[in-house]
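**Q** One structure coming up, written as structure tokens, with questions to follow.
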Amino acid sequence: MQNRTKATLLAAAGLSTLIAAGCASMMGPSDMTFFITSAGPGKGADLGGVEGADRHCQSLAAAAGAGGKTWRAYLSTQGSAINDPKVVHARDRIGAGPWHNAKGVRVASNVADLHSAANINKDTALDERGRPINDRAMKPNKHDILTGSRPDGTAYAAGYDYTCGNWTKSGEGSAMVGHHDRAGPVDHPWAVSWNSSHQSRGCSQDNLRGTGGDGLFYCFAAK
């Protein structure tokens, strides 16, 4: 009896896996709600502010067949004080979820899930065409993803630039980045954070590349 019960449970689990895989395979480009930009605007961390970054997300999504949604860049901005209207938290810009990549794989169910148990890694963090982004083990390394955010998706306080001048600088400055492949040179929480790993060397395209990035950022469908 125990063997029969075990076999029944295993069969049920296998069926659930097949159903989930089938549902994912049935999803098309218009169902995508999350991606990493395949390329940045080309001016380093100068994205034209968050508005320019949003437009870039929208343009890439439209070219991939998912332009029917409102796309937002996962980026925070800083101000002179916590109540400064310039302060924007990335977590507040991206809607309620759930979010799926171009292949139909769910990366998070909601905002809380995204910042506690996100299914974001080198296999799931794909670009708008469903292609993988170069990870730390590849050349060129592109695993640094611009966020300007703390681990919980909120903005940093005033006093130091974590957003390359709120995404308007392509020279001096710095930006907080995450590792889309959840990998780093040491076994430490910061190294495996998808949204808050370390600061960039500078804000230019060359400086971003020098620390393992390429000016890429996350895009989420807000609605």
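**Q** Taking 0.36 nm per residue of sequence separation and subtracting the Cα-Cα distance, how much length would be gained by fully extending the chain between N141 and K223, in nm to one decimal?
**A** Length difference between fully extended and current span is 26.3 nm.
**Q** For the range 49-132, what's the radius of gyration and Dmax over Cα atoms, in angstrom?
**A** Rg, Dmax (Cα atoms, Å): 14.0, 41.
**Q** Nearest 500 deg cm²/dmol is fine: what mean residue ellipticity at 222 nm does the chain get from its DSSP H runs of n ≥ 4 alone, each adding -39,500 (n - 2.57), divided by its residue count?
**A** Helix contribution divided over all residues of the chain: -8000 deg cm²/dmol.
**Q** May I pose another question? Which distance in nm do the two modelled labels at K86 and W190 give, with both placed 7 Å along the Cα-to-Cβ direction?
**A** 2.5 nm
**Q** Compute the length gained on full extension between D152 and S116: take 0.36 nm times their separation in residues and subtract their Cα-Cα distance, giving the result in nm to one decimal.
**A** Answer, rounded to one decimal: 12.1 nm.
**Q** List the pairs from K103/K169; K69/K142; K103/K142; K139/K223; K43/K139 whose alpha-carbon separation is above 29 Å, in the order I gave them.
**A** K103/K169; K139/K223
**Q** Once R0 is set to 25 Å, what does the formula 1/(1 + (r/R0)^6) return for the Cβ-Cβ distance between Y160 and D123, expressed as a FRET efficiency to the nearest 0.05?
**A** Result of the calculation: an efficiency of 0.15.
**Q** How would E128, E172 line up from fewest to most surrounding beta-carbon atoms within 10 angstrom?
**A** E172, E128
Laboratory data are not the source of any read-out in this text; all were calculated from the coordinates shown. Predicted model, so just to flag it, every value in this text is computed and none were measured. With ideal geometry, Cβ positions are generated from the backbone for all residues, glycine too; neighbour counts draw on all protein chains shown.
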